[in-house]
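The values are calculated or read from the model by the stated rules, or taken from the named source; none is laboratory data. Keep in mind that this is a model prediction, so the values were computed, not measured. Methodologically, a virtual Cβ is constructed for each residue, glycine included, from the backbone with ideal geometry; neighbour enumeration extends over all protein chains shown. Each accessible area value is taken on the protein alone, full model and side chains, heavy atoms only, with ligands, DNA and RNA left out. Shrake-Rupley method; radii C 1.70, N 1.55, O 1.52, S 1.80 Å.
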There are 4 protein chains.
Amino acid sequence: MPLAVRFRVRYFETDQMGVVHHAVYFVWFEHLRTEYFRELGAPYGELEAGGVFFPVIESGCRYLDGARYDGEVEISGWLREPRGARVRIDYRAAQKGRVCAEGFTVHARTDASGRPGRIPPELFEKMMAAASPPGEGPGEAGS
Amino acid sequence: MPLAVRFRVRYFETDQMGVVHHAVYFVWFEHLRTEYFRELGAPYGELEAGGVFFPVIESGCRYLDGARYDGEVEISGWLREPRGARVRIDYRAAQKGRVCAEGFTVHARTDASGRPGRIPPELFEKMMAAASPPGEGPGEAGS
Amino acid sequence: MPLAVRFRVRYFETDQMGVVHHAVYFVWFEHLRTEYFRELGAPYGELEAGGVFFPVIESGCRYLDGARYDGEVEISGWLREPRGARVRIDYRAAQKGRVCAEGFTVHARTDASGRPGRIPPELFEKMMAAASPPGEGPGEAGS
Amino acid sequence: MPLAVRFRVRYFETDQMGVVHHAVYFVWFEHLRTEYFRELGAPYGELEAGGVFFPVIESGCRYLDGARYDGEVEISGWLREPRGARVRIDYRAAQKGRVCAEGFTVHARTDASGRPGRIPPELFEKMMAAASPPGEGPGEAGS
């Protein structure tokens, strides 16, 4: 089940090339991710308060067309089935029907001090239920 | 006539003190400002395309209580009557009923190369009509 | 005794106006501040580890001339005598001899949970010894 | 020929997990890239002024260990031989001998409006001469 959020590009997010800086897409992907955890019934702030962290261990993005100031962007996200203590999310950023970028992040479950741990079973089940099949959305199946 | 926007705090906007970094409030004030220009019927992107820029020439902020990740913040803005080619906006950032910060920005109308110029009369009129009186909202009257 | 740091403007720090975004100056002032604490023999990271925090409670800046990508900027800072548990620093950002901005921050000493506390006496003494007189550097005397 | 730059982590660059936010590494890689172009005798600002742009078309990063506030980081970069109008750079970020992250960016040569174009022959030659062989530094050979 993909999820999408919409918001307008901030002036701060542009650079002198006149489009959104490439690092900003990862901030937007994180914005989607926060909403995804809330949608799963496990707000990320509450997870952290309970000692469950999901730091990014890998990220990637392909940039297709620059997003522009003040235009509304739509960030869509596809959660993939967790494997052990890792989970991957694929993202697409679009503006006015144009795909601006497609990317992904991989997360490992850790505790506050960065030690790896299991994904809590209840959350694992929710993730399995919400996960999109590999062929759906951007991203390479199997990676 | 004050205007308000609401959005959730992004993880990127926090720092290791566990609250939003003080520089981020200026990004939020700018977010409100963009909506204010749209509300005036003069989207800032269109103004720039027409050679009308409003760079910040002065800014200030008092920090009262830290805004926290994922909580919704409300940014309110009070446009003040323009004086010549300058205009001031006062802002308040609040989260769950707590005032987090109050600040202001002053802008000068310039062209693309930074040369000062007049505020276009039509826009000036709209600003005069929308402006909040000095006693309303945060900010020091007369400054 | 003023202190100065020099570094080059990053591309990320520019916006579509072609100059450095106004919020970035506060990040630069913080960069100077970190060096100032180190110079005082009290690295800020060590202070935090010992429960001594100095969150920003007020900030302000006047923007005079836009700083540009890749050019070296010099940030100078003037620590003012602490008053009780508060301390003010004034800053100047310059590029190629042009003053780009002048600003200030005021800090309150707190503990990790944000409760006010005294500046540790040893640090207070170092700050008194390093402080610049009000007439030196930018900033309004007495504010 | 790899190149390296060193600077200290800024407070703004941390997030509430207490380490540097994952998006910031791309800002650091860009910092290295700017120095690389200067080292090649082709400062990026001058390239842009001459209509030669190298927007990022792909990026990726693996995060190994969190970089921390105030500690010095070293960013190393390995330019790869350009292929047609594209060029790849691999990066490593380390702090106190610990590798924090390894990443890459791929760039396409465009003009100011985003249209693809050839890498100017003189610059192409400089890049070929400076390029590191695939087996040197991080990154997958052949990707």
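Spacing of the modelled spin labels on residue C:113 and residue A:128, each 7 Å from Cα toward Cβ, amounts to 4.1 nm.
Magnitude of the charge dipole for the protein assembly as shown, about its Cα centre and with charges confined to Cβ atoms of Lys, Arg (+1) and Asp, Glu (-1), is about 0 debye.
Shielding of peptide C:40-50 by partners, expressed as the average count of other chain Cβ atoms within 10 Å per residue Cβ, is 2. Under a model in which nothing but the beta-carbon of Lys, Arg (+1) and Asp, Glu (-1) is charged, region A:33-95 shows a dipole of about 320 debye around its Cα centre.
In this assembly of identical copies, the label point of residue D:7 (Cα plus 7 Å along Cα-to-Cβ) is separated from its counterparts by 0.5, 2.5, 2.5 nm, sorted shortest first.
Which net charge results for the neighbourhood of residue D:58, defined as the other residues with beta-carbon distances under 12 angstrom from its beta-carbon, given Lys and Arg at +1 and Asp and Glu at -1? That works out to +2.
Between identical copies, the spacing of residue A:81 label points, each set 7 Å from Cα toward the C-beta atom, reads 4.2, 6.8, 7.1 nm from nearest to farthest.
With protein chains left intact and a 1.4 Å probe, residues in the protein assembly as shown average 41 Å² of accessible area per residue.
Cross-link partners for residue A:126 among the lysines, with Cα-Cα distance under 24 Å and sequence neighbours closer than 8 places in the same chain left out, do not exist in this structure. For residue B:72, project a label point 7 Å along Cα to C-beta. Then give me every residue of region B:22-45 with its amide nitrogen under 14 Å of that point. No residues fall inside that zone.
May I ask you to derive the FRET efficiency for residue B:86 and residue D:64 from their Cβ-Cβ distance with R0 = 45 Å, giving the value to the nearest 0.05? The formula returns an efficiency of 0.35 here. Distance between the C-alpha centres of region A:1-69 and region D:14-69: 19 Å, rounded to the whole angstrom. Relative to the dominant Cα principal axis of chain B, helix B:24-39 is inclined by about 40°. Here the Karplus curve 6.51 cos²θ - 1.76 cosθ + 1.60, taken at θ = phi - 60°, turns the phi angles of region D:48-62 into couplings of 4, 4, x, x, 10, 10, 10, x, 6, 10, 7, 8, x, 7, 10 Hz, with x standing for Gly and Pro.
Apolar share of the accessible surface for region C:16-143: 51 percent from carbon plus sulfur atoms, 1.4 Å probe.
Each other residue within a Cβ distance under 11 Å of residue C:6 adds +1 if Lys or Arg and -1 if Asp or Glu, for a net charge of -2. Counting Lys +1, Arg +1, Asp -1, Glu -1, what net charge surrounds residue D:43 among other residues with beta carbon under 13 Å of its beta carbon? Here the charged neighbours net out to -1. In chain A, helices alone account for a calculated mean residue ellipticity at 222 nm of -6500 deg cm²/dmol, with every DSSP H run of four or more residues adding -39,500 (n - 2.57). Inter-copy label distances at residue D:134, using a point 7 Å along Cα-to-Cβ, come to 2.5, 6.9, 7.2 nm with the shortest given first.
What's the angle, to the nearest 10 degrees (0 to 90), between helix D:121-130's Cα axis and the longest principal axis of chain D? Compared with the principal axis, the helix lies near 40 degrees. P(r) tail for chain D, what percent of Cα pairs lie past 23 Å? Percent of Cα pairs beyond 23 Å in chain D: 35. Chain A comes nearest to the axis taking it onto chain B at the Cβ of one residue; that residue and its distance, in whole Å, are A:7, 3.
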